[in-house]
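Chemist: Got a structure here, written out as structure tokens. Questions coming.
Values in this text are rule-based calculations from the coordinates and carry no lab data. Keep in mind that what you see is a predicted model, and the values were worked out from it rather than measured. Cβ sites come from the backbone with ideal geometry, for glycine too, and all protein chains shown count toward neighbours.
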Amino acid sequence: MQFDLAAGFPIVTTKRVAFKSIVAELLGFIRGYDNAADFRRLGCNIWDANANENKQWLSNPHRRGPDDLGRIYGIQWRSWRTLTKGEEYDQLSHAIRTIKEDPTSRRIIVSAWRPDELGQMALPPCHLLYQFIVEQSSRRLHMTMYQRSCDMFLGVPFNISSYALLLSLVACVTGYSPGTLTMFLADVHIYENHRGPVAEQLIRSPRPLPSLRVSIETDIQYLMIWLETVDPSAITLVGYDPHPPIKAQMAV
């Protein structure tokens, strides 16, 4: 799938998607959170079940207690363990620095797939890799991402908007305009208990896309600190008028 952010912010309109929760989850990833309580404080509770109801994780010796999520997405983005004992590598900061200082690089990649640590995660990463591509002539920043497992009713709508938001925020701090988001999806599926909700959604007609508004009070060029401290209330959608929400149970 490919979305041009110049045409509007890509968010599903045939049902209401919880944009505030998307913002909170992404900011938690950017801050390297590994605890469901930290996500809740930002306004996202979708990690509660994975932290506290997943039977395999509850019996995992690496779990450190209630709300612990282990070495999930944000930990890998910000604190990738190196071969040198005790040292960690901040992939996201490096990617942002490379966009600014070496924009022709074909190696601006952030990966969450750490095979030797999959057993230390409440949920192995579904969306596991993304790459930034700089188009210098138009001053546009593009992103591609790869997702290994795709819950099309609940998960993928979140993923579309989350990565569009990540692209937009990184474009802000590097001095570019957000370009296209290209998503490669593998193992696309609909869960049995989502069949009814999906049938309901499919009879609805899409509505116009909203636009993204990011309130910036200072010059944030190349400031990773802004990404780490921005309040979720500074990120809003203008003109989001979706159909009513359709409830469904998340598979854990």
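Chemist: Lysine pairs in the chain with alpha-carbon atoms under 29 Å apart, 8 or more places apart or on different chains: how many are there? It would help to have the intermediate numbers written out before the result.
Modeler: Working: Lys15/Lys247; Lys20/Lys55; Lys20/Lys100; Lys20/Lys247; Lys55/Lys247.
Value for the chain: 5.
Chemist: Which of the helices in the chain, when you take each full DSSP H run, stretch at least 24 Å along the axis at their Cα atoms and have an average Kyte-Doolittle score of 1.0 or higher?
Modeler: Details: long enough: 155-174 (28 Å, 1.56).
Going by DSSP H runs, the hits are 155-174.
Chemist: Just to verify a number: FRET efficiency for Arg106 and Ser211, C-beta to C-beta distance, R0 = 41 Å, to 0.05? Each step should come with its number before you reach the end.
Modeler: Numbers: r = 31 Å, r/R0 = 0.75.
It comes to 0.85.
Chemist: Using the Kirkwood radius over C-alpha pairs as Rh, can you work out the diffusion coefficient of the range 40-90 via Stokes-Einstein at 10 °C, viscosity 1.306 mPa s, in µm² per second? Spell out each step's value before the answer.
Modeler: Numbers: Rh = 12.5 Å.
It diffuses with D of about 127 µm²/s by this estimate.
Chemist: Find how much the distance from Gln249 to Ser137 grows on full extension, using 0.36 nm per residue of separation minus their present alpha carbon separation; answer in nm with one decimal.
Modeler: Numbers: separation 112, 0.36 × 112 = 40.32 nm, distance 4.55 nm.
Using 0.36 nm per residue and subtracting the Cα-Cα distance, I get 35.8 nm.
Chemist: Lys and Arg at +1, Asp and Glu at -1: add these up for the other residues within a Cβ distance under 11 Å of Glu117 and post the number. It would help to have the intermediate numbers written out before the result.
Modeler: Values: positive: Arg71, Arg81, Arg114; negative: Asp116.
That sum, taken over residues with Cβ under 11 Å, equals +2.
Chemist: Taking a point 7 angstrom from the Cα of Val198 along the C-beta vector, which residues in the range 153-174 have backbone N less than 14 Å away?
Modeler: 153-157
Chemist: Out of every Cα pair in the range 90-173, what percent are spaced more than 23 Å from each other? Show your work: numbers first, answer last.
Modeler: Working: 974 of 3486 pairs.
Summing the P(r) tail past 23 Å for the range 90-173 gives 28 percent.
Chemist: State the antiparallel share, in %, of DSSP beta bridges confined to the chain, rounding to the nearest 5.
Modeler: On the way: 22 of 31 bridges.
Once the DSSP bridges in the chain are tallied, antiparallel ones form about 70 percent.
Chemist: Also, quick follow-up: Once you keep just the Cα pairs under 8 angstrom separated by 6 or more residues, what percentage relative contact order results for the range 118-252?
Modeler: Values: 165 pairs, mean separation 30.8, N = 135.
Reported relative contact order: 23 percent.
Chemist: Follow-up. Over the chain, what relative contact order in percent results from Cα pairs under 8 Å that are six or more residues apart? Numbers along the way, then the final one.
Modeler: Values: 453 pairs, mean separation 65.4, N = 252.
Once normalised by length, the contact order is 26 percent.
Chemist: What is the local net charge at Tyr176, summed over the other residues whose Cβ is closer than 11 Å to its Cβ (Lys, Arg +1; Asp, Glu -1)?
Modeler: Details: positive: Lys100, Arg139, Arg140; negative: Glu135.
Cβ neighbours under 11 Å give a net charge of +2.
Chemist: Another one. Taking the Cα centre of the chain as the origin, how large is its charge dipole in debye, to the nearest 20, when only Lys and Arg (+1) and Asp and Glu (-1) carry charge on their Cβ atoms?
Modeler: Working: 26 positive and 25 negative charges, 60 e Å.
Using Cβ point charges on Lys, Arg, Asp and Glu, the chain gives about 280 debye.
Chemist: Using a Gaussian network model on the chain with a 10 Å cutoff between Cα atoms, which of Leu69, Leu58, Leu27 fluctuates the most?
Modeler: Residue with maximal mean-square fluctuation among Leu69, Leu58, Leu27: Leu58.
Chemist: Tell me, in nm to one decimal, what length is gained between Ile190 and Ser93 on full extension, where the rule is 0.36 nm per residue of separation less the Cα-Cα distance? Walk me through the intermediate numbers first.
Modeler: Details: separation 97, 0.36 × 97 = 34.92 nm, distance 3.50 nm.
Gain in length upon complete extension: 31.4 nm.
Chemist: To the nearest 500 deg cm²/dmol, what mean residue ellipticity at 222 nm is calculated for the chain from DSSP H runs of n ≥ 4 alone, each contributing -39,500 (n - 2.57), summed and divided by the residues? Before the final figure, lay out each step's value.
Modeler: On the way: 9 runs with 79 residues, N = 252.
That comes out to -9000 deg cm²/dmol.
Chemist: Continuing with this model, one more query. Of Asp187, Asp151, Asp38, which is the most mobile in a GNM of the chain whose springs link Cα atoms less than 10 angstrom apart?
Modeler: Result: Asp187 has the largest fluctuation of those listed.
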